[in-house]
C-alpha cells in the first residue's frame, strides 16, 4: 500500500480524538490477522476439521501472540466459513475464463478473506481489502497471482454500489 493510501485509510478510519500513531498499530495488527486468517482458511480448505472450535483453539495456540490479538482473524475465519457459498459464488462469477477448481488454493484463501471483507465489513473501504489481498499474494503466492486477484476484486468493487475509498 502506498503512503498516500495509508494516509487516506488513516484519515477515513480514525476515531474522533484518536491519534494517527494508534491507527498504524491497528493497521499492522489487522494485516497480521489477515495473514493468519488466510493461512487458517488455506489449511481448512485442504482438510476440514471435525470440530472447528477445537481446531481454531489449536491454531491460535501456535501463534506467537495471544489469541485475543487475533480477534479480527477469528472474525474473518468464521465469517468466511459461514458465508462460503455466497463468497465462492462471487468468485465463480468473477473469475472469467477460469474454472473454480483450477484456482490455486492459496489464491482462493486470499480471495475469500478479501471478498468477506468487501461484502460484509462496511467499516473497511473496499480498496483497503483489495490492497491487502494483493500484498498477501505477493508474500504467499506467485508473481502472476496479484494480477488475477486484483482483476477479480476490482470487478467485485465495481458491483458493490458504494464508494470504494470510504468505509460505510
Inset, instruction - Sort 106-118, 141-153 for me by packing, meaning the mean count of neighbouring Cβ atoms within 10 Å per residue, highest on top. - result: 106-118, 141-153
Legend entry - D_trans [Stokes-Einstein, Kirkwood Rh over alpha-carbon pairs] for the stretch 3-159, 25 °C, 0.890 mPa s, µm² s⁻¹: 152
Legend entry - Projected label distance in nm at residue 122 and residue 68, using a 7 Å step from Cα toward the beta-carbon: 3.0
Inset, instruction - Could you rank the peptides 156-164, 23-31 by their average count of other C-beta atoms within 10 Å per residue, with the highest value first? - result: 23-31, 156-164
Inset, instruction - Take the Cα coordinates of the stretch 22-103, assign each an equal point scatterer, and use the Debye formula without solvent to give log10 I(q)/I(0) at q = 0.19 Å⁻¹. - result: -0.90
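Quick check on the stretch 20-70: what are the equivalent-ellipsoid semi-axes from the Cα gyration tensor, as sqrt(5λ), descending, whole Å? Please report the intermediate quantities before stating the final value.
Details: eigenvalues 124, 28, 10 Å².
Gyration-tensor ellipsoid for the stretch 20-70: 25, 12, 7 Å.
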Inset, instruction - Show me 79-92, 126-139, 58-71 ranked by packing, highest mean number of other Cβ atoms within 10 Å first. - result: 126-139, 79-92, 58-71
Legend entry - Whole-percent pair-distance distribution, where bins are 5 Å wide, for the alpha carbons of the stretch 84-168: 3, 16, 30, 26, 17, 7, 1
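Each value in this text was obtained by applying a stated rule to the coordinates, not by laboratory testing. Everything numeric in this text was worked out from a predicted model, so none of it was measured. Note that we place each Cβ from the backbone using ideal geometry, even for glycine, and neighbour counts take in every protein chain shown.
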